[in-house]
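Report on one structure; see the data block that follows.
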Amino acid sequence: MKNPIDLRSDTVTHPTPGMLEAMMNAQVGDDVFGDDPTVNALEEKAAALFGKEAAVYCPSGTMTNQIAIRVHTSPGDEVICDALSHIYHYEGGGMMANSGVSVRLVNGDRGRFTVNDVLNNINPDDVHHPRTRLVVIENTCNKGGGSVWHIEEIRRIYLACRHHGLKLHLDGARLFNALTETGEKPLQYGELFDSVSLCLSKGLGAPVGSMLIGDMAFIKQARRMRKLFGGAMRQSGFLAAAGIYALDHHIRRLKEDHRRATALAQTLSGLPYVKEILPVESNIVVFALQDQNSADTFMEHLRQNGILVLGFGPGKIRVITHLDIGDEELEKVMKVLSNLSGIAITE
Ligand SMILES: Cc1ncc(COP(=O)(O)O)c(C=O)c1O
């Protein structure tokens, strides 16, 4: 299929001409020796943005999350996270394989739990139980349909973590999508979390890369783990340049993605084959089809019309708006979706 309208994820974007130019002109060096000025600049920029001491540039958000879990815990410890969280569902069982931790899942509201969920799941200090050590929050929550956390609840969780000696990590793969909606600043998040993972390759539109941000001692350990995980790169300044460009140019435009996601959901809500749509809070739309068995046929109809979407569990579909989806693409998608209502998609 040539040039499909690809709504499967915001990871599918292509670098813009401006981003490509920044990449081509990057000053580089060997980052394993600490010699790459562009990587160093990106790390300093990310740390400053969150008011933290340091940051380390990694190939992926899976790696930044996995490194954070590894540094914060010891084998046999327990991590509290939501049942919908990416670290639990989509990182290949890495928490258990890389860090030897057990996981306590809590059932929040579309990925968002409360301080009471945390307090009710801290194990007693008793040799029978794994030692509760880390809480992980995902904002926005992907499997929750791009749901946005309230910072007041995060603050309550932060205070509880401090009181009970737990570390708090943010999977902020799409944090700037959340901040776009709330108007909060990254500095406010830097104050609340021991570590922050921020993806440059999702809504921000860079081809590769995630930042892990924290204090100096944490990042020193994180660098050791990045090497151990095979994620230390050489002239990665070419990629880091895309990350700097993304932070400088692609944050403000995220509201356009949110507007288009809301418009898509409005169209979907009027269609007879759509059963339910999760509330749209950012750039993700998750919806369920009336006929649970029709997802494959539905996706095939769209594919034949040059549109790609993602199956997201039985009878469920996820679409994500991003940098490469403008109003023209949006209109075409809406038209195709509306025309489908005349077709029995269970055929
Ligand atoms: C919430 C969340 N965290 C982490 C990741 C992992 O990022 P990566 O694909 O760069 O490993 C993703 C990827 O989609 C994500 O949605």
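The values are calculated or read from the model by the stated rules, or taken from the named source; none is laboratory data. Predicted, not measured: the structure shown is a model, and the values here were computed from it. No Cβ is skipped: glycine too gets one built from the backbone with ideal geometry, and neighbour counts run over all protein chains shown.
For the range 145-162, state whether one or more residues are closer than 24 Å to Val280 by Cβ and charged (D, E, K, R). Yes: one or more hits.
Exactly one residue out of Glu328, Glu256 is outside any loop (DSSP other than H, G, I, E, B), more than 30 Å from Lys52 (Cβ to Cβ), of a type in the set (D, E, K, R) and modelled with pLDDT of 95 or more, and it is Glu328.
Results for (1) at pLDDT 95 or above; (2) assigned to a strand (DSSP E or B); (3) among the aliphatic types (A, V, I, L, M), shown as yes or no for each residue.
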residue: Ser197; (1), (2), (3): yes, yes, no
residue: Gly203; (1), (2), (3): yes, no, no
residue: Leu212; (1), (2), (3): yes, yes, yes
residue: Phe218; (1), (2), (3): yes, no, no
residue: Lys227; (1), (2), (3): yes, no, no
residue: Ala240; (1), (2), (3): yes, no, yes
residue: Leu247; (1), (2), (3): yes, no, yes
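If I ask for residues that are part of a helix (DSSP H, G or I) and surrounded by fewer than 17 Cβ atoms within 10 Å (Cβ to Cβ), which ones from the range 284-296 would you list? Correct list: Gln292, Asn293, Asp296. Report yes if Thr38 is in a helix (DSSP H, G or I), buried (at least 24 other Cβ atoms within 10 Å of the Cβ) and away from the ligand (no atom under 16 Å from the Cβ), otherwise no. Here the answer is yes, as Thr38 does meet what is asked. So, of the residues in the range 48-90 that are away from the ligand (no atom under 16 Å from the Cβ) and among the hydroxyl-bearing types (Ser, Thr, Tyr), which turns out to be surrounded by the fewest Cβ atoms within 10 Å (Cβ to Cβ)? Checking each candidate, the answer is Ser74. The set of residues from the range 103-121 being away from the ligand (no atom under 16 Å from the Cβ), surrounded by fewer than 21 Cβ atoms within 10 Å (Cβ to Cβ) and within 15 Å of Lys167 (Cα to Cα) comprises Arg104, Val115, Leu119, Asn121. Among the residues of the range 179-193, the one identified as part of a loop (DSSP other than H, G, I, E, B) and within 16 Å of the ligand (Cβ to nearest atom) is Phe193.
For the range 197-208, indicate whether the set of residues that are over 18 Å from the mean Cα position of the chain (by Cα) and either more than 12 Å from the ligand (Cβ to nearest atom) or touching a residue at least 12 places away in the same chain (Cβ under 8 Å) (or both) is non-empty. There is no residue in the range 197-208 that is over 18 Å from the mean Cα position of the chain (by Cα) and either more than 12 Å from the ligand (Cβ to nearest atom) or touching a residue at least 12 places away in the same chain (Cβ under 8 Å) (or both).
Each residue in the range 149-178 was checked for being within 16 Å of the ligand (Cβ to nearest atom), in a helix (DSSP H, G or I) and either in contact (Cβ under 8 Å) with a residue 60 or more places away in the chain or surrounded by fewer than 14 Cβ atoms within 10 Å (Cβ to Cβ) (or both), and 3 pass.
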